[in-house]
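Each remark here refers to the structure printed beneath this line.
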Amino acid sequence: MKPLHALVIGAGIGGTAAAIALRRAGLDVSLFEQTMAQREVGAGIQISPNASRLLRRYGLADAMARAAVRPAAVVFRRWQDGRVLGREELGDVLEDRYGSPYYHFHRADLIALLADAFGRKEIKLGRRLINVEQDDSGVTAHFDDGTSARGDLLIGADGIHSRVRECLFGEEKPRFSGQIAYRGLAPVERVAHLGLPLDVTNWVGPGGHFVHYFVAAGRFLNFVAVSEAATWTREQWSDRGSISDAVKIYEGWHPQIATILNAVDETFKWALFDRNPFPEWTQGRIALLGDACHPMLPFMAQGAAQAIEDGAALAACLKHAAFDIPSAFRAYVTLRKPRATEVQERSRANSISFHMPDGPQQVERDHVLATRGVRGSPEAMNRLYGYDAEAVAATLEEKP
Ligand SMILES: Cc1cc2nc3c(=O)[nH]c(=O)nc-3n(C[C@H](O)[C@H](O)[C@H](O)COP(=O)(O)OP(=O)(O)OC[C@H]3O[C@@H](n4cnc5c(N)ncnc54)[C@H](O)[C@@H]3O)c2cc1C
């Protein structure tokens, strides 16, 4: 039987990982990207075991171990004096518990190793999707260079401003969450005097938080500085930021934060957008994944991890439904929607918890961090990191 041909739109982390998974499941895959070179922002990304286990299965174990940093622990600290509020092991303990490591990457390294696994030359660059059409026998993607492509199914992995979603369900602008993030990378020699451990450190305080961790095999310290802002006036959702503006936001916080901010050459500023869960993820021969259908605030460090899970689940559902597209897409939505929605909601809740002003609620939060764990209860962590998207998809298919 001729394999199904999948058109994947968007070669970000979600789309490229999905393209690998779909090919592994036996499909022919064409991967389209609007930019002329696969791009990722100059920043870090955390990849938890629920995603790293899938990427290892795609043959990326050695490449990931070479490119990434394996953090020792996650530590929460108080904004003013740096008091440790809670700490949890991430290194061997987490790897033993969940069978796969927790990693920190430079985004460019992660996208490069995914691109290599799919085949860099096979990614069709400079192809911006403008429209999709489907009928009984297939789906056609139209691109702004006047070309088109025909396949059996199409996966919209084109991010938070998804054109695929817009073509199917109409325009719906994301909501500005009232929070902005500065991000940057400090060369490690400029922060060496701080003697920072290989932890991911999250400073929490009134109206903001500040996260830092090492990336790029330890060559850079990555930071994400989130604060509240009433408006975001520019049309673009990311912009070059001023280091002195970022330093000003953290006046009164522990001096280590200003030291890290002042160690970078440039910083970028993001508006953080949020959406309620979308009701529809598929239509006919078209399915959405990643930020295209469940964009989330980054406070669980799970947006890319969930996109990677989506691709694995989609491929497994197609395989186990004997490539019957409607049944596979039904199974995909049944599996993925509750899980992604839960992570979206937990991410949103963290923005309240991380930004509490000092007072009785903050004291209670600190008690929870010290006693129950900094990433939620053990059960919640098991649900998140212990999950195997491929294995779960295989189980679902066996049910009538
Ligand atoms: C500050 C911050 C920190 C974060 N930290 C983490 C973290 O630590 N861990 C984690 O798991 N997640 C994290 N995330 C979330 C994560 O970055 C996203 O969820 C993830 O990148 C989404 O991947 P995606 O492939 O769905 O979309 P995207 O990364 O947006 O990729 C979409 C791709 O589609 C292309 N495209 C768009 N439109 C078209 C078109 N019309 N035609 C063709 N191509 C198109 C784009 O150019 C892009 O390459 C963070 C996010 C932010 C903002």
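For segment 14-41, a residue qualifies if it is in a strand (DSSP E or B) and either crowded, with 24+ Cβ neighbours inside 10 Å or within 8 Å of the ligand (Cβ to nearest atom) (or both), and the qualifying residues are Val29, Leu31, Phe32.
Hey, can you tell me all the residues within segment 99-115 that are open to solvent by 20 Å² or more (accessible area, probe 1.4 Å) and within 16 Å of the ligand (Cβ to nearest atom)? Of everything in segment 99-115, those that are open to solvent by 20 Å² or more (accessible area, probe 1.4 Å) and within 16 Å of the ligand (Cβ to nearest atom) turn out to be His106, Arg107, Ala108, Asp109, Ala112. Across segment 371-395, the qualifying residues are those that are open to solvent by less than 30 Å² (accessible area, probe 1.4 Å) and of a type in the set (A, V, I, L, M), and the one among them that is farthest from Asp199 (Cα to Cα) is Ala394. The set of residues from segment 59-90 being outside any helix (DSSP H, G or I) and without any contact (Cβ under 8 Å) to a residue 60 or more places away in the chain comprises Arg83, Val84, Glu89. Looking across segment 42-55, the residues that are closer than 22 Å to Glu88 by Cβ and part of a helix (DSSP H, G or I) come down to Pro49, Asn50, Ala51, Ser52, Arg53. If you go through segment 96-113 and pick out every residue that is more than 14 Å from Val74 (Cα to Cα), outside any strand (DSSP E or B) and not basic (Lys, Arg), you end up with 10. Applying the condition of being among the charged types (D, E, K, R), open to solvent by 10 Å² or more (accessible area, probe 1.4 Å) and more than 7 Å from the ligand (Cβ to nearest atom) to segment 280-321 and asking which residue is farthest from His355 (Cα to Cα) yields Lys319. Scanning segment 343-352 for residues that are free of Cβ contacts under 8 Å to residues at least 60 places away in the same chain and surrounded by 16 or more Cβ atoms within 10 Å (Cβ to Cβ) returns Val343, Arg346, Ser347, Asn350. Scanning segment 260-292 for residues that are part of a helix (DSSP H, G or I), of a type outside the set (A, V, I, L, M, F, W, C) and over 24 Å from Glu172 (Cβ atoms) yields a single hit, Asn262. Counting residues in segment 144-156 that are under 22 Å from the mean Cα position of the chain (by Cα), modelled with pLDDT of 95 or more, under 20 Å from Ala287 (Cα atoms) and not hydrophobic (A, V, I, L, M, F, W, C) gives one or more. Taken over segment 2-13, the criterion of being part of a loop (DSSP other than H, G, I, E, B) and in contact (Cβ under 8 Å) with a residue 24 or more places away in the chain is satisfied by Pro3, Leu4, Gly10, Ala11, Gly12. Restrict the check to segment 353-366 and report whether at least one residue is outside any helix (DSSP H, G or I), under 30 Å from Phe210 (Cα atoms) and without any contact (Cβ under 8 Å) to a residue 60 or more places away in the chain. Yes, segment 353-366 contains a residue that is outside any helix (DSSP H, G or I), under 30 Å from Phe210 (Cα atoms) and without any contact (Cβ under 8 Å) to a residue 60 or more places away in the chain. Could you please give the count of residues in segment 295-310 that are modelled with pLDDT under 95 and in contact with an Asp or Glu (Cβ under 8 Å, 6 or more places away or on another chain)? Qualifying residue count, segment 295-310: 3. In this structure, does Arg66 turn out to be out of contact with any strand residue (DSSP E or B) (no Cβ under 9 Å at 6 or more places or on another chain), buried (at least 21 other Cβ atoms within 10 Å of the Cβ), among the charged types (D, E, K, R) and closer than 23 Å to Glu95 by Cβ? So Arg66 fails the test. The residues of segment 1-13 that are within 12 Å of the ligand (Cβ to nearest atom) and either open to solvent by 40 Å² or more (accessible area, probe 1.4 Å) or under 15 Å from the mean Cα position of the chain (by Cα) (or both), listed by number, are Gly10, Ala11, Gly12, Ile13. Taking strands (runs of 3 or more DSSP E) as the structural unit, those lying wholly within segment 128-180 and holding at least 3 residues that are within 14 Å of the ligand (Cβ to nearest atom) correspond to 129-135, 138-143, 153-156. Within segment 367-389, being among the hydroxyl-bearing types (Ser, Thr, Tyr) and in a helix (DSSP H, G or I) holds for Thr371, Tyr385.
The values are calculated or read from the model by the stated rules, or taken from the named source; none is laboratory data. Predicted model, so just to flag it, every value in this text is computed and none were measured. When we count neighbours, we look across all protein chains shown, and the Cβ atoms used for this are built from the backbone with ideal geometry, even at glycine. Protein only, heavy atoms only, side chains kept; ligands, DNA and RNA dropped before computing areas. Shrake-Rupley method; radii C 1.70, N 1.55, O 1.52, S 1.80 Å.
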